[in-house]
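The values are calculated or read from the model by the stated rules, or taken from the named source; none is laboratory data. Since the model is a prediction, treat every value here as computed from it, not as a measurement. Neighbour counts are summed over all protein chains in view; Cβ atoms, including those assigned to glycine, are modelled from backbone coordinates with ideal geometry. The accessibility values were calculated without ligands, DNA or RNA, using every heavy atom of the protein model including side chains. Shrake-Rupley method; radii C 1.70, N 1.55, O 1.52, S 1.80 Å.
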Amino acid sequence: MLFCVRKDFSSFQKILPYYKNQTKEADYCYERINYLIFEKIAQKGSSFKISEISNELSILNYLGYKQIATDITSFVEQTFGA
């Protein structure tokens with residue numbers, strides 16, 4: 001989240017492989033969803049739009065994590081104005 005706030009997408013992309021490695025196990029499903037969201041943010045940079053993570057938000061809602069999906073949506077809207 002810090003890389004998003006700082007809009008430091010270059011450094012963000014450098015650390016993502018380490019995060020990906022930590023989210024390979026099914027026990028880390030929530031972290032894997034976060035990784036997929038962060039990967040899209042890092043790739044798009046400042047042009048990121050919330051619509052690009054609609055699948056991830058849908059999965060969180062489906063799994064019963066509505067508050068987490070809401071928190072992520074709020075964070076993206078505050079950070080990117082999306």
Does the stretch 57-66 contain any residue that is touching a Leu at 6+ places or on another chain (Cβ under 9 Å), open to solvent by less than 30 Å² (accessible area, probe 1.4 Å), under 24 Å from N21 (Cα atoms) and without any contact (Cβ under 8 Å) to a residue 60 or more places away in the chain?
no
Before we move on, is S10 part of a helix (DSSP H, G or I) and modelled with pLDDT of 95 or more?
no
Say whether the condition of being open to solvent by 40 Å² or more (accessible area, probe 1.4 Å) and in a loop (DSSP other than H, G, I, E, B) is met by at least one residue in the stretch 26-41.
no
K44 outside any helix (DSSP H, G or I), in contact with a helix residue (DSSP H, G or I) (Cβ under 9 Å, 6 or more places away or on another chain) and open to solvent by 40 Å² or more (accessible area, probe 1.4 Å):
no
Only residues that are of a type in the set (D, E, K, R), assigned to a helix (DSSP H, G or I) and exposed (fewer than 13 other Cβ atoms within 10 Å of the Cβ): list them for the stretch 13-25, please.
K14
